[in-house]
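The values are calculated or read from the model by the stated rules, or taken from the named source; none is laboratory data. Only a predicted model underlies this, so the values are computations on that prediction, with no experimental measurement involved. Positions of Cβ are backbone-derived with ideal geometry, glycine not excepted, and every protein chain shown enters the neighbour counts.
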DNA sequence: CAATGACTAACTAACGGTTGTTAGTCTCTA
DNA sequence: TAGAGACTAACAACCGTTAGTTAGTCATTG
């Protein structure tokens with residue numbers, strides 16, 4: 001019980017302040033216990049971070065399968081745009097999104113490898129969703145005859161760019177960027 | 001003399017470790033003096049960071065005017081691609097690029113406003129370079145009849161995405177993304 | 001049924017180390 | 001002879017961590 005609370009509060013602290021700028025005092029305070037009591041549940045700060053990372057990884061994989069994917073009955077552009085929109089919304093609104101942004105971009109040295117591994121896992125999960133859509137689109141002639149890798153790469157760059165812009169620009173500017181980027185991307189891949 | 005050395009070494013430390021994870025001891029060591037001697041040149045850590053930020057801002061503005069811009073004799077796609085390539089190369093290879101990446105996306109709270117101001121200034125500088133190119137392109141019919149804002153927004157998202165990917169993926173993956181993203185972007189705005 | 005022992009999870013106190021910062025001193029140079 | 005710029009020594013505050021204690025819970029046992 002307390003263990004789960006520690007993970008949750010730590011997630012939000014790590015997401016907002018990064019690993020090194022989050023102190024055990026802050027975590028303990030938010031949980032409502034004293035600092036040394038944390039050691040009843042975790043071996044130390046690194047163990048807390050690891051637990052948070054594992055938790056986030058598991059939850060992200062699940063979200064990817066359930067929330068991001070959309071019914072295949074839609075047309076290709078609706079389908080793609082749906083994924084685009086859902087994924088960005090998830091990154092924007094969830095604490096996991098902010099956490100991911102923090103730690104993938106400037107990871108604490110001792111976790112760099114593990115974080116990269118988790119991130120690539122999540123990315124692969126998304127790739128498995130969008131590749132078939134691109135391929136189907138090419139087959140039915142709705143998309144240009146670009147390689148699937150090209151489309152996937154461009155799609156990711158798009159998402160990464162917005163991912164990054166989301167917490168920097170005011171919401172209205174961000175919305176403009178989101179719409180504009182999609183429009184140009186779609187014109188770029190559409191047959 | 002020493003003052004300038006402090007700024008330079010601090011720039012690289014702030015760029016690589018962030019503000020909070022850079023200690024005065026580290027700076028002093030790299031400069032080759034003892035920690036308290038820093039106070040002969042700056043009021044404190046915050047003052048050092050401010051000086052670095054000002055320095056970077058000035059240098060970035062100059063780079064933007066000289067290195068990024070390319071001769072207008074080229075065709076529109078060469079011109080745009082030149083800017084794209086030059087700007088990304090600058091962000092990738094210069095210490096200022098890494099510094100910018102660090103501090104714009106996860107700024108130390110007390111500098112958030114100032115950093116944003118500087119960033120938007122640099123961005124505006126780039127906007128002044130690319131907007132006329134888009135408009136010229138539309139006039140000559142080489143580009144689609146999209147609004148200039150749409151093109152500019154999409155261009156920035158593209159750059160921001162690669163900006164992020166550059167220090168995360170291995171160089172080869174990054175190069176793939178860079179090429180693919182440009183291809184789709186160009187197909188998206190080309191008439 | 002009552003008592004014992006093990007376990008969990010909280011606590012206080014304190015550790016050594018590092019942080020940014022200040023005070024005061026010495027030395028070279030203009 | 002000033003002053004600039006280096007130094008040493010020390011500060012309080014905070015860091016992650018450890019040790020040792022205490023209270024409550026639960027299962028096993030006489």
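With B:11, B:53, B:98 as the choices, which residue is away from DNA strand C (no atom under 14 Å from the Cβ), within 14 Å of chain A (Cβ to nearest Cβ) and either more than 27 Å from residue A:17 (Cα to Cα) or in a helix (DSSP H, G or I) (or both)?
Step by step, each of B:11, B:53, B:98 is checked, and only B:98 is away from DNA strand C (no atom under 14 Å from the Cβ), within 14 Å of chain A (Cβ to nearest Cβ) and either more than 27 Å from residue A:17 (Cα to Cα) or in a helix (DSSP H, G or I) (or both).
Looking at residue A:35, is it modelled with pLDDT of 95 or more and either within 16 Å of DNA strand D (Cβ to nearest atom) or within 14 Å of chain B (Cβ to nearest Cβ) (or both)?
For residue A:35, the condition - modelled with pLDDT of 95 or more and either within 16 Å of DNA strand D (Cβ to nearest atom) or within 14 Å of chain B (Cβ to nearest Cβ) (or both) - is met.
Confirm whether residue B:159 is within 9 Å of chain A (Cβ to nearest Cβ) and within 17 Å of the chain's Cα centre (by Cα).
yes
Whether any residue in region A:126-137 is in contact with a helix residue (DSSP H, G or I) (Cβ under 7 Å, 6 or more places away or on another chain), under 18 Å from residue A:89 (Cα atoms) and without any contact (Cβ under 8 Å) to a residue 12 or more places away in the chain is what I want to check.
No, there is no match, as no residue in region A:126-137 is in contact with a helix residue (DSSP H, G or I) (Cβ under 7 Å, 6 or more places away or on another chain), under 18 Å from residue A:89 (Cα atoms) and without any contact (Cβ under 8 Å) to a residue 12 or more places away in the chain.
For region A:30-50, give me the residue count where each residue is near DNA strand C (Cβ under 10 Å from one of its atoms) and surrounded by fewer than 17 Cβ atoms within 10 Å (Cβ to Cβ).
8
With respect to residue B:77, determine if the residue is touching a strand residue (DSSP E or B) at 6+ places or on another chain (Cβ under 8 Å) and surrounded by 14 or more Cβ atoms within 10 Å (Cβ to Cβ).
Considered against the rule, which asks whether it is touching a strand residue (DSSP E or B) at 6+ places or on another chain (Cβ under 8 Å) and surrounded by 14 or more Cβ atoms within 10 Å (Cβ to Cβ), residue B:77 comes out as yes.
Only one of A:190, A:179 is touching a strand residue (DSSP E or B) at 6+ places or on another chain (Cβ under 7 Å) and within 10 Å of chain B (Cβ to nearest Cβ). Can you tell me which?
Working: A:179 fails: touching a strand residue (DSSP E or B) at 6+ places or on another chain (Cβ under 7 Å).
That would be A:190, the only listed residue that is touching a strand residue (DSSP E or B) at 6+ places or on another chain (Cβ under 7 Å) and within 10 Å of chain B (Cβ to nearest Cβ).
So is residue A:48 within 16 Å of DNA strand D (Cβ to nearest atom), in a helix (DSSP H, G or I) and over 17 Å from the mean Cα position of the chain (by Cα) or not? Give the derivation first.
Working: within 16 Å of DNA strand D (Cβ to nearest atom): yes; in a helix (DSSP H, G or I): yes; over 17 Å from the mean Cα position of the chain (by Cα): yes.
Taking the combined requirement at face value, the residue satisfies it.
Filter region A:71-95 down to residues that are at pLDDT below 90 and not in a helix (DSSP H, G or I) and give me whichever is nearest to the other protein chains (Cβ to nearest Cβ).
Among those residues, the one meeting the criterion is A:75.
Hey, could you check region A:4-29 for residues that are surrounded by fewer than 15 Cβ atoms within 10 Å (Cβ to Cβ) and within 8 Å of DNA strand D (Cβ to nearest atom) and say which is farthest from the chain's Cα centre (by Cα)?
Applying the filter and picking the extreme gives A:25.
(1) part of a helix (DSSP H, G or I); (2) within 12 Å of DNA strand D (Cβ to nearest atom); (3) free of Cβ contacts under 8 Å to residues at least 40 places away in the same chain: which one isn't true of residue A:43, the others all being true?
(1)
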